[in-house]
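Here's the structure, in structure tokens; my notes come after.
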Amino acid sequence: MYFTSIPFIAFLCLTLLVYYILPRRARWVLLLAASLGFYAFSGWDNLCYMAFVILSSYAAGCFIQKTNDQTKAYLAEHKDLPREEKKAYRAAQKRKSTAWLVTAMLLNFGVLAAVKILALPQIGGIFTDYVMPMGISFFTFRTMGYLIDVYRGKHPAQCNLAKLALFTSFFPAVIQGPISRYDSLSKTLFEGTGFSLDVFGKGAERIIWGYFKKLVIADRLLVMVGTLTGTPGEYEGLYTLLSIVIYAAALYCDFTGGIDITIGIGETMGITQEENFLSPFRSLNIFDYWRRWHITMGTWFKDYIFYPISVARPMMKLTKWCKKHLGDKTARRVPVYIATLVTWFATGIWHGASWNFIAWGIANALVIVASQELQPLYQKFHLRFPKMKGKGYDSFQIIRTFILMSFIRAFDIYPGVIGTLKQLSTIFWKPSPAKFIAGGLTSLGLDTAGLIAAAAGLAIVIASSFIKKRPPAIVFALLVIAILIFGVYGLGFDAAQFIYNRF
Amino acid sequence: MQELIEILQNLHPEVDFAACDTLIDDGILDSFDIVSVINEINDTFDVVIPADRIVPENFNSAAALWELIEDLED
């Protein structure tokens with residue numbers, strides 16, 4: 001059941017109606033039933049994967065909590081113990097908790113890795129028609145984040161199995177995030193807040209905005225991307241450049257549209273979820289970009305992979321060794337560069353067990369490291385040309401980052417690592433402007449009307465990013481009309497699945 | 001505290017670390033800076049800052065970071 005399908009709209013309306021009819025304390029139970037029901041639509045067998053994640057996290061979380069409580073109680077009772085004995089007790093208890101955490105993580109990430117491998121086309125011949133459970137990367141990461149935070153003592157474990165099941169399966173966020181943290185989402189998820197017309201209206205507006213981005217723009221642009229990348233040999237040179245730029249716009253509208261719908265649905269129920277985007281195409285550099293794009297995934301990897309690797313004892317030892325033998329500057333770089341490579345390798349794998357995604361991850365890491373290495377050069381440049389600042393220079397940086405990230409994203413749309421690099425190279429060595437001008441845009445799967453609709457939609461999205469005030473209701477009424485008239489679900493089209501559903 | 005301010009100023013000489021309390025919120029310290037600071041703290045104060053204490057509240061100001069160091073020393 002796609003977000004863009006009529007059954008989903010009906011399901012959502014019914015859920016909202018019953019949600020507000022029920023007493024507040026019972027609303028989370030309805031959400032749980034709705035979430036499990038929604039997920040079951042993707043296949044009953046997929047529920048088994050989710051049940052495994054929920055049950056293993058529940059068991060591990062409650063045991064870790066019990067151990068943490070025991071430790072606190074014991075130390076409170078034995079205040080006079082020598083410091084060394086207290087330390088030894090704490091360490092022994094921590095080992096128990098660690099064993100549970102590691103076991104749960106190995107099991108859950110093991111299952112995630114297995115399903116990703118089974119979904120590979122190379123394996124497809126053996127396990128025919130295997131489809132990866134919808135959103136498994138998202139709900140596994142969300143729940144593992146919860147478990148790590150319980151282990152770290154950031155918040156207590158949720159020892160109500162049904163509530164943990166709701167946190168894992170919450171239907172608006174189950175298939176494409178955001179990867180909310182438990183301490184943030186749980187504040188409003190179980191409360192069943194009272195109805196507020198203003199809050200409900202804001203949520204509804206955001207849902208409409210999400211559908212507009214998805215159905216009017218993204219699904220149209222994706223038709224063009226499909227044509228351009230389906231037979232890459234026919235669309236080289238400037239067409240490749242066009243392809244990666246259109247894909248940037250399509251992915252933005254698809255993913256942010258989906259997140260708008262997700263956050264909007266939550267808002268209509270008084271449930272607050274974390275934001276996942278912050279004007280990513282205004283990023284000045286790659287660091288800035290990853291602070292603005294898919295924020296919850298970025299912070300997940302930073303908090304649970306990048307920092308733990310960077311400050312791990314072996315890394316500290318390595319840093320000290322480097323300081324002694326190679327100097328301060330090298331020592332400062334070693335932990336962050338190793339952690340960056342590992343983190344981006346893992347981020348690539350998270351997107352899919354394929355060489356393209358690994359190359360995508362490594363490309364991000366290399367650009368980050370290169371940017372860091374070029375910092376002294378940038379500083380010298382600014383000292384030499386102090387007037388090269390302000391809006392003009394910011395615009396240059398924004399365009400540079402957009403182009404750079406568009407090139408990296410090419411690994412997502414072209415087949416094979418070598419194939420992608422070859423395709424990108426044609427932009428420089430055979431741009432073929434004459435072929436591009438002769439072919440135009442109408443040969444890419446959209447007619448003139450479709451192109452105008454997509455371009456007008458994009459113009460509205462860009463214009464909206466400069467408006468800070470909440471638009472009047474009439475704007476959203478017009479958007480609904482635009483979705484009904486220009487939405488991509490007429491003859492010859494199918495409202496497509498969201499791109500991030502496949503992760 | 002003065003030693004800590006010096007560590008921070010080696011990274012960003014242009015920042016008034018004694019006064020600023022939005023080092024993370026305003027993006028003054030990024031993740032690379034944080035790891036560098038942790039390594040320097042480890043060397044200078046012989047204190048290991050574990051990954052679970054790397055949260056904005058502990059790194060938003062020099063004072064908060066100093067409090068964390070004192071807490072870990074205890």
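Out of B:L11, B:L23, B:L72, I need the residue that is in contact with a helix residue (DSSP H, G or I) (Cβ under 8 Å, 6 or more places away or on another chain) and buried (at least 21 other Cβ atoms within 10 Å of the Cβ). Which one?
Criteria check complete, one pass: B:L23.
Which of the residues spanning the range A:196-246 are of a type in the set (F, W, Y) and more than 19 Å from A:I261 (Cα to Cα)?
Answer for the range A:196-246, where residues must be of a type in the set (F, W, Y) and more than 19 Å from A:I261 (Cα to Cα): A:Y235, A:Y239.
Would you point out which residue out of A:L221, A:L215, A:L238 is surrounded by fewer than 22 Cβ atoms within 10 Å (Cβ to Cβ), assigned by TED's automatic domain parsing to the domain that holds A:I481 and not small (G, A, S)?
Residue meeting the stated conditions: A:L238.
Taking the range A:378-395, which residues are over 25 Å from A:F281 (Cβ atoms) and in a helix (DSSP H, G or I)?
Passing the criteria: A:Q379, A:K380, A:L383, A:R384.
In the range A:197-212, is there at least one residue being in contact (Cβ under 8 Å) with a residue 24 or more places away in the chain and not in a helix (DSSP H, G or I)?
No: the range A:197-212 contains no residue that is in contact (Cβ under 8 Å) with a residue 24 or more places away in the chain and not in a helix (DSSP H, G or I).
Which count do you get for residues in the range A:137-181 that are more than 30 Å from A:C253 (Cβ to Cβ) and either assigned to a helix (DSSP H, G or I) or assigned by TED's automatic domain parsing to the domain that holds A:F255 (or both)?
Number of matching residues: 11.
(1) in contact with an Asp or Glu (Cβ under 9 Å, 6 or more places away or on another chain); (2) touching a residue at least 40 places away in the same chain (Cβ under 8 Å): which one isn't true of A:K320, the others all being true?
(2)
So which residues in the range B:29-53 are free of Cβ contacts under 8 Å to residues at least 24 places away in the same chain, crowded, with 18+ Cβ neighbours inside 10 Å and more than 10 Å from chain A (Cβ to nearest Cβ), if there are any at all?
Of everything in the range B:29-53, nothing turns out to be free of Cβ contacts under 8 Å to residues at least 24 places away in the same chain, crowded, with 18+ Cβ neighbours inside 10 Å and more than 10 Å from chain A (Cβ to nearest Cβ).
Going residue by residue through the range A:71-90, is there one that turns out to be closer than 30 Å to A:N108 by Cα, touching a residue at least 12 places away in the same chain (Cβ under 8 Å), out of contact with any Phe, Trp or Tyr (no Cβ under 9 Å at 6 or more places or on another chain) and charged (D, E, K, R)?
For the range A:71-90, residues closer than 30 Å to A:N108 by Cα, touching a residue at least 12 places away in the same chain (Cβ under 8 Å), out of contact with any Phe, Trp or Tyr (no Cβ under 9 Å at 6 or more places or on another chain) and charged (D, E, K, R): present.
Any idea which residue in the range B:54-74 is farthest from the other protein chains (Cβ to nearest Cβ), counting only those that are free of Cβ contacts under 8 Å to residues at least 60 places away in the same chain and of a type in the set (V, I, T)?
Ranking the qualifying residues of the range B:54-74, first place goes to B:V55.
Checking the conditions here, which among A:T231, A:T272 is hydroxyl-bearing (S, T, Y), surrounded by fewer than 21 Cβ atoms within 10 Å (Cβ to Cβ), more than 19 Å from A:Y289 (Cβ to Cβ) and touching a helix residue (DSSP H, G or I) at 6+ places or on another chain (Cβ under 6 Å)? Steps first, please.
Working: A:T231 fails: touching a helix residue (DSSP H, G or I) at 6+ places or on another chain (Cβ under 6 Å).
Residue meeting the stated conditions: A:T272.
Give me the residue from the range A:300-320 that is more than 10 Å from every other protein chain (Cβ to nearest Cβ) and crowded, with 18+ Cβ neighbours inside 10 Å and, out of that set, farthest from A:V336 (Cα to Cα).
Checking each candidate, the answer is A:W300.
Under the condition of being of a type outside the set (K, R) and out of contact with any Phe, Trp or Tyr (no Cβ under 9 Å at 6 or more places or on another chain), which residue from the range A:285-295 is nearest to the other protein chains (Cβ to nearest Cβ)? Lay out the reasoning, then the answer.
Kept after step one, since they are of a type outside the set (K, R), are these residues of the range A:285-295: A:285-290, A:293-295.
Restricting the remaining residues to those that are out of contact with any Phe, Trp or Tyr (no Cβ under 9 Å at 6 or more places or on another chain) gives A:285-286, A:288, A:290.
Details: A:N285: 11, A:I286: 11, A:D288: 8, A:W290: 10 Å.
Here the answer is A:D288.
Which of the residues spanning the range A:275-284 are within 14 Å of chain B (Cβ to nearest Cβ) and either acidic (D, E) or surrounded by 19 or more Cβ atoms within 10 Å (Cβ to Cβ) (or both)?
Scanning the range A:275-284 gives a single hit, A:S283.
Residues checked against (1) crowded, with 19+ Cβ neighbours inside 10 Å; (2) within 30 Å of A:F195 (Cα to Cα); (3) of a type outside the set (K, R); (4) at pLDDT 90 or above:
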{"site": "A:A26", "(1), (2), (3), (4)": "no, yes, yes, yes"}
{"site": "A:P82", "(1), (2), (3), (4)": "no, no, yes, no"}
{"site": "A:K87", "(1), (2), (3), (4)": "no, no, no, no"}
{"site": "A:L107", "(1), (2), (3), (4)": "no, no, yes, yes"}
{"site": "A:A113", "(1), (2), (3), (4)": "no, no, yes, no"}
{"site": "A:I117", "(1), (2), (3), (4)": "no, no, yes, no"}
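Any residue that is farther than 19 Å from A:W360 by Cβ, within 21 Å of the chain's Cα centre (by Cα) and among the aliphatic types (A, V, I, L, M) - is there at least one of those in the range A:292-306?
Within the range A:292-306 (the criterion being farther than 19 Å from A:W360 by Cβ, within 21 Å of the chain's Cα centre (by Cα) and among the aliphatic types (A, V, I, L, M)), the answer is no, since none of the residues qualifies.
What pairs can you find where one residue is in the range A:262-287 and over 26 Å from B:S31 (Cβ atoms), the other is crowded, with 19+ Cβ neighbours inside 10 Å and β-branched (V, I, T), and their Cβ atoms are less than 7 Å apart, with a gap of 6+ or different chains?
A:G264/A:I207; A:I265/A:I207
The values are calculated or read from the model by the stated rules, or taken from the named source; none is laboratory data. Everything numeric here is computed off the predicted structure, so don't read it as measured data. All Cβ positions, glycine included, derive from the backbone under ideal geometry; neighbour counts span all protein chains shown.
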